[in-house]
Amino acid sequence: MTHTQETSLSELDRQEVHLPQAVAVLENATSVTILCHIQPDADTIGSGLALALVLERKGIPVQVAFGAPDELPESMRELPGTHLLVPASQVRRNVDLLVTVDCGSAGRLGRLADRLETAGETLVIDHHRSNTRFGHINLIEESAESTTAVVVRMFDLWGVDIDADVAHCLYAGLVTDTGAFRWVQPGTHALAERLLATGIDGARIARRLLDTHPFGWLPMLSEVLASAKLLPDAAGGRGLVYAVIRQANVGGLRSEEIESVIDIVRTTSEAEVAAVLKEAADGSWAVSLRSKSDVDVSLVAGNLGGGGHRFAAGYTATATAAEIVTSLVDSLG
Ligand SMILES: [Mn+2]
């Protein structure tokens with residue numbers, strides 16, 4: 001979210017063109033497919049469902065989907081608009097307009113990436129620093145707290161009435177992507193206030209999305225955190241802390257429990273950079289990266305085939321955990 005005045009101005013120039021273009025293609029669409037990223041979080045799903053609810057009210061046929069896994073994460077099932085979700089296998093091939101939300105690259109669409117080729121028009125709505133601009137129209141706002149915040153700006157230009165159901169979806173992305181209002185900027189709380197004023201239960205939404213885990217989470221944390229290692233010399237002496245989550249640690253736990261681990265590991269005061277290596281069922285690994293102030297982990301993740309934000313990024317790798325740590329340390333310099 002930190003940026004120089006110069007990048008902020010050029011970003012503004014881009015918005016002035018892309019925001020009206022985005023509204024125009026949505027307004028004129030005869031059918032819309034909205035794609036969220038694989039391993040969806042509340043920002044991609046909240047953005048997708050908010051936009052879908054608005055399109056449904058305008059009488060425009062709309063589908064929302066994500067490439068993997070098959071089921072929506074349990075913590076997101078209370079979001080309004082889930083009746084508009086369809087399984088990946090049922091996503092139409094020829095659609096007038098395809099919209100992606102919170103996806104930094106086409107690869108984040110997983111098995112649904114091929115739908116980009118058969119859509120009449122494609123609109124990319126995102127806030128990732130590493131976004132590859134893979135749409136016809138790219139509405140990318142790097143400084144935005146969440147993709148739902150970008151969606152609000154688009155709704156305002158479009159003249160959309162943000163009611164409680166739409167606000168619930170938008171708030172879900174805002175509260176999770178800001179780390180429950182840790183990573184904020186001028187305007188963040190004003191946006192939260194505006195959404196809360198519709199009557200949504202902000203405490204309940206945050207609790208369900210961020211603070212609800214089964215008891216099995218506690219022994220998993222105990223095992224995984226016991227594996228944590230501190231490499232004080234890594235990242236030019238600023239330090240790397242990492243933990244490894246193996247399939248054997250996961251049991252029947254949900255993605256919500258696995259994704260929570262980085263938020264504990266990253267608090268380590270002796271390390272500028274934190275990493276969590278998450279083993280997938282097929283033996284490949286997803287790596288989450290976080291930094292605090294002066295390491296841009298979107299660049300590190302980008303060098304390793306992934307992407308993200310300045311202070312939060314990720315990538316996938318097929319190697320042993322030890323090899324992944326070695327290449328990460330190399331990339332951190
Ligand atoms: Mn996001």
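The values are calculated or read from the model by the stated rules, or taken from the named source; none is laboratory data. None of the values given here were measured: they were computed from a predicted structure. Positions of Cβ are generated from backbone atoms using ideal geometry, with glycine treated the same way; all protein chains shown enter the neighbour counts. These accessible areas exclude ligands, DNA and RNA; they are computed on the full protein's heavy atoms, side chains included. Shrake-Rupley method; radii C 1.70, N 1.55, O 1.52, S 1.80 Å.
The set of residues from region 98-123 being out of contact with any helix residue (DSSP H, G or I) (no Cβ under 8 Å at 6 or more places or on another chain), closer than 17 Å to Glu27 by Cα and open to solvent by 20 Å² or more (accessible area, probe 1.4 Å) comprises just one member, Gly120. Restricting Leu225, Leu191, Leu221 to those that are assigned by TED's automatic domain parsing to the domain that holds Ala22 and assigned to a helix (DSSP H, G or I) reduces the list to Leu191.
Go through region 44-63 and count every residue that is within 16 Å of the ligand (Cβ to nearest atom) and either in contact with a strand residue (DSSP E or B) (Cβ under 8 Å, 6 or more places away or on another chain) or among the aromatic types (Phe, Trp, Tyr) (or both). Total satisfying the criteria: 6. The residues of region 109-121 that are touching a residue at least 24 places away in the same chain (Cβ under 8 Å) and more than 16 Å from the ligand (Cβ to nearest atom), listed by number, are Gly110, Arg111, Leu112, Ala113, Arg115, Thr118, Ala119, Gly120, Glu121.
With the requirement that a residue be free of Cβ contacts under 8 Å to residues at least 40 places away in the same chain and either farther than 17 Å from Ala167 by Cα or assigned to a loop (DSSP other than H, G, I, E, B) (or both), what does region 48-68 give you? Correct list: Lys58, Gly59, Ile60, Pro61, Val62, Gln63, Val64.
Scanning region 287-296 for residues that are over 13 Å from Val261 (Cα atoms) and of a type in the set (Gly, Ala, Ser) yields Ser291, Ser293.
Can you spot a residue in region 182-195 that is of a type in the set (Lys, Arg), more than 14 Å from the ligand (Cβ to nearest atom), in contact (Cβ under 8 Å) with a residue 24 or more places away in the chain and buried (at least 16 other Cβ atoms within 10 Å of the Cβ)? Scanning region 182-195, I find no residue that is of a type in the set (Lys, Arg), more than 14 Å from the ligand (Cβ to nearest atom), in contact (Cβ under 8 Å) with a residue 24 or more places away in the chain and buried (at least 16 other Cβ atoms within 10 Å of the Cβ), so the answer is no. Among residues of region 238-260 being over 20 Å from Ala322 (Cα atoms) and either without any contact (Cβ under 8 Å) to a residue 24 or more places away in the chain or not basic (Lys, Arg) (or both), the one that is surrounded by the fewest Cβ atoms within 10 Å (Cβ to Cβ) is Gly252. Give the residue, chosen from Val152, Val124, that is more than 15 Å from the chain's Cα centre (by Cα) and either within 16 Å of the ligand (Cβ to nearest atom) or assigned to a loop (DSSP other than H, G, I, E, B) (or both). Answer to the check: Val152.
Restricted to region 281-318, and to residues that are among the hydrophobic types (A, V, I, L, M, F, W, C), open to solvent by 40 Å² or more (accessible area, probe 1.4 Å) and more than 16 Å from the ligand (Cβ to nearest atom), which residue is nearest to Trp183 (Cα to Cα)? Result: Leu299.
Condition check: within 16 Å of the ligand (Cβ to nearest atom) and in the same structural domain as Gly120 (by TED's automatic domain parsing). Does His83 satisfy that? When the stated conditions are applied, His83 does not pass them. Just one of the numbered conditions (1) in contact (Cβ under 8 Å) with a residue 24 or more places away in the chain; (2) outside any helix (DSSP H, G or I); (3) not assigned by TED's automatic domain parsing to the domain that holds Ser327 is not true of Ala206: (2).
For region 108-130, the criterion of being modelled with pLDDT under 95, hydroxyl-bearing (Ser, Thr, Tyr) and either closer than 19 Å to His18 by Cβ or in contact with a Leu (Cβ under 7 Å, 6 or more places away or on another chain) (or both) is satisfied by at least one residue.
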